[in-house]
1. (1) out of contact with any helix residue (DSSP H, G or I) (no Cβ under 8 Å at 6 or more places or on another chain); (2) in contact (Cβ under 8 Å) with a residue 60 or more places away in the chain; (3) buried (at least 17 other Cβ atoms within 10 Å of the Cβ): which one isn't true of E104, the others all being true?
2. So which residues in region 12-26 are over 21 Å from the mean Cα position of the chain (by Cα) and either over 19 Å from G59 (Cβ atoms) or surrounded by fewer than 22 Cβ atoms within 10 Å (Cβ to Cβ) (or both)?
3. Which condition number in (1) surrounded by fewer than 20 Cβ atoms within 10 Å (Cβ to Cβ); (2) part of a helix (DSSP H, G or I); (3) not β-branched (V, I, T) is the one that G136 fails?
4. Out of curiosity, is L74 of a type in the set (A, V, I, L, M, F, W, C), at pLDDT below 95 and either over 30 Å from G234 (Cβ atoms) or buried (at least 16 other Cβ atoms within 10 Å of the Cβ) (or both)?
5. Does A144 qualify as being of a type in the set (G, A, S), outside the structural domain of L14 (by TED's automatic domain parsing) and surrounded by fewer than 18 Cβ atoms within 10 Å (Cβ to Cβ)?
6. Scan region 89-97 and give yes if some residue there is small (G, A, S) and not in a loop (DSSP other than H, G, I, E, B), otherwise no.
7. Give me a count of the residues in region 116-150 that are of a type in the set (D, E, K, R), within 9 Å of the chain's Cα centre (by Cα) and modelled with pLDDT under 95.
8. Working only within region 149-166, note down all residues that are surrounded by 12 or more Cβ atoms within 10 Å (Cβ to Cβ) and assigned to a loop (DSSP other than H, G, I, E, B).
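The values are calculated or read from the model by the stated rules, or taken from the named source; none is laboratory data. Not measured: the values here are computed from a predicted model. For neighbour counting, all protein chains shown are included, and Cβ atoms are generated from backbone atoms with ideal geometry for every residue, glycine included.
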Amino acid sequence: MNLLPQPVVTSNALVLRTWPTGETSVIASLLTAGYGFVRVIAKAARQARSSLRPLVQPGRLIGVEISLNPRRELQYLRGGSVLLDPLATAATLERSAYLLAALELVDRCRPAAEWQGKLFAVCEDFVRVLSCVSPGSEVSLFYAFELALLELQGVAPALDCCAGCGIALPASMLSGLWFSPASGGVLCRRCGVPNAGARALSPDVLMVLRQLAAQQGEQWRAGVLHLRVVREVGIALHKFLDYHLPGYRLPRALELLRTTTQ
């Protein structure tokens, strides 16, 4: 048995998921800025006066101290502080649902280890912007986040040119287009019609997709979308994510919003 004290490392982190263990402890899945995905145990964190209790709430950005042993699958959470709680000012149904949906996507669709630091930066920006968006804007921010994840994975959809023949698609050529996950994005009239699985894509939906894809990190500008556009963009992204990201499934948290968008 190794009785030597393990080195304590510090890092900013996003709490992705937690579940109880033993009588009073908590296991948490973290995405850290410096060490990628780390699973920790927070001893006695379910006790009311525990200093670790605030550090194991999903969605919070935290600064953590972890006893890191590469030979262990489960590390020890020693301490830290809460940097940001995106639900502190407004724990609305929409903000909570889209936050939990984003956490589930990140936890299930993990990129290669070399990209995990960049993934943390994307998640940190998303949580910071989500914490202050106006009501009704959460969905556009979430769609921008999904596109950022696809970009990070190297499978972002082609939106400015035809994914089939490569022809540019300026504003004057946005009618009669199609969207195909299998082909990698937007298809022109010629390439889209015979393509199995392609869906018709209206010009306004394509323009929204382009605007969302052009936004990055702290430059995300969440806006209110028309209900029809919300549905069409959501369907297109869902099918694209399902086709291209292993482990993807529609986040369960979005089921909470189904009655509000019907």
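1. (1)
2. P20, T21, G22, E23, T24, S25
3. G136 satisfies all of (1) surrounded by fewer than 20 Cβ atoms within 10 Å (Cβ to Cβ); (2) part of a helix (DSSP H, G or I); (3) not β-branched (V, I, T) except (2).
4. Here the answer is yes, as L74 does meet what is asked.
5. no
6. Yes, there is a match, as at least one residue in region 89-97 is small (G, A, S) and not in a loop (DSSP other than H, G, I, E, B).
7. Number satisfying all stated conditions: 0.
8. Of everything in region 149-166, those that are surrounded by 12 or more Cβ atoms within 10 Å (Cβ to Cβ) and assigned to a loop (DSSP other than H, G, I, E, B) turn out to be V155, A156, P157, L159, D160, C162, A163, G164.
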